[in-house]
Amino acid sequence: MLHHHKTIVQLFAVIKTEIRFCLRRKWSVVTMAVICIVVAAGILILTIKNLEYLREYSDMYNTALHDPSIVERLKAEGIIFAEMLTPDEIAIQSTGISLLTFWGPFLFLSLLLLPVASISTIPVDQQSGALELVQTTSVGGSIYLLGKVLGVFVSVLITALVVFIFFISAMVLLVGYAPLGVLIKLAVFDGIPIIAWASAISVLAGAVIPRSISILGGFIIGVVSYFIWMLVAKSPYGLWSLLDLISYNLFHHYGIITDRQSVTAGTYVFTCFCLASIMFVFAFIIRIWLKRRENF
């Protein structure tokens, strides 16, 4: 029990130190902030463009509720009023289309650029002598790697969360509503795993890539990580759709994607298991590399 407590204390110390380093170096948090701001701005702008149509539709719908002649005119045109979407449903669908348009770019930019920003995490420790200092303590190599990964992950996650809160506030203020259900589920079930994957693969890969070529190495790792993610979590639309299986399933569930290619729970669980297994194997290989190269 005492050993486990000591391990946890060491892990939190490494995480805390890495968060402080991330805030000082700024590359990871700034990259995450820029990605989130660009995507959020795109969603807001596209949604605001549709506001005029939403107002016209809402006025027509509410008028038809109290004017049978409008209902009859719609029926003559082949439109059954009872089967029409309500203004709230149209608003959610409109925002959903904006989310569908910009979620792919978020996935692509996060998986591509976060490795570029975070890959120098361990090389900086090696160059500055911080790694040698850690080796003189009782902190093991596994705790060090896990703490580094979690430190970067927590830093960029907090950054994304801050932008997310501002985005929700701006949407309520400018648009008048925010589809919290789909937004929160997208963030939790796809956004957080994407950030975790990009953070982990970049920090771990940095252990074997010299700092002198870290930018190029980070870009290559980003491209590779994106294609691995999309191959394993490929949506029914294919590799080049910019939508992974998780986001596709959520958009399909909320009726934003209306085709019939639903994804079973078993497929979803198997996809998550495959991604986790790939990351575990990669982390194991890097741990062996660090042990042989740094005797740590």
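Derivation of every value follows stated rules applied to the coordinates shown; laboratory data play no part. Note that the structure is a prediction, hence the values are computed from the model and not measured. Here the Cβ positions follow ideal geometry from the backbone for every residue, glycine too, while neighbour counts run over all protein chains shown.
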Starting at the first residue of the stretch 244-249, write each ³J(HN,Hα) from the Karplus equation 6.51 cos²θ - 1.76 cosθ + 1.60 with θ = phi - 60°, in whole Hz, x for Gly and Pro.
8, 4, 5, 5, 4, 4
Rounded to the nearest Å, what's the spacing between the alpha carbon centres of the stretch 228-296 and the stretch 131-162? Just the number, please.
23
Of LYS6/LYS148; LYS185/LYS291; LYS6/LYS291, which pairs sit farther than 28 Å apart, going by alpha carbon to alpha carbon?
LYS185/LYS291
Label model pair CYS272, ALA170: point-to-point distance (7 angstrom along the Cα→beta-carbon line) in nm is 3.0
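With r defined as the distance between the Cβ atoms of PHE219 and LEU51 and R0 fixed at 45 Å, what FRET efficiency is calculated, to the nearest 0.05? Write down the numbers at each step before the final one.
Working: r = 39 Å, r/R0 = 0.86.
That pair, PHE219 with LEU51, gives E of 0.70.
Given contacts defined as C-alpha pairs under 8 Å and at least six residues apart, what's the relative contact order of the stretch 2-294, whole-number percent? Walk me through the numbers before you get to the answer.
Values: 293 pairs, mean separation 78.5, N = 293.
Relative contact order, the stretch 2-294: 27 percent.
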LEU245, LEU112 arranged by Cβ crowding within 10 Å, fewest neighbours leading:
LEU112, LEU245
Return the long-range amide H neighbours of LYS234 (sequence gap of 5 or more, or a different chain), with a cut-off of under 5 Å between placed amide H atoms.
LEU245
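For a footprinting-style exposure proxy, rank THR17, THR258, THR121 by other Cβ within 10 Å, fewest first. It would help to have the intermediate numbers written out before the result.
On the way: THR17 16, THR258 8, THR121 26.
If I rank by nearby Cβ atoms, fewest first, I get THR258, THR17, THR121.
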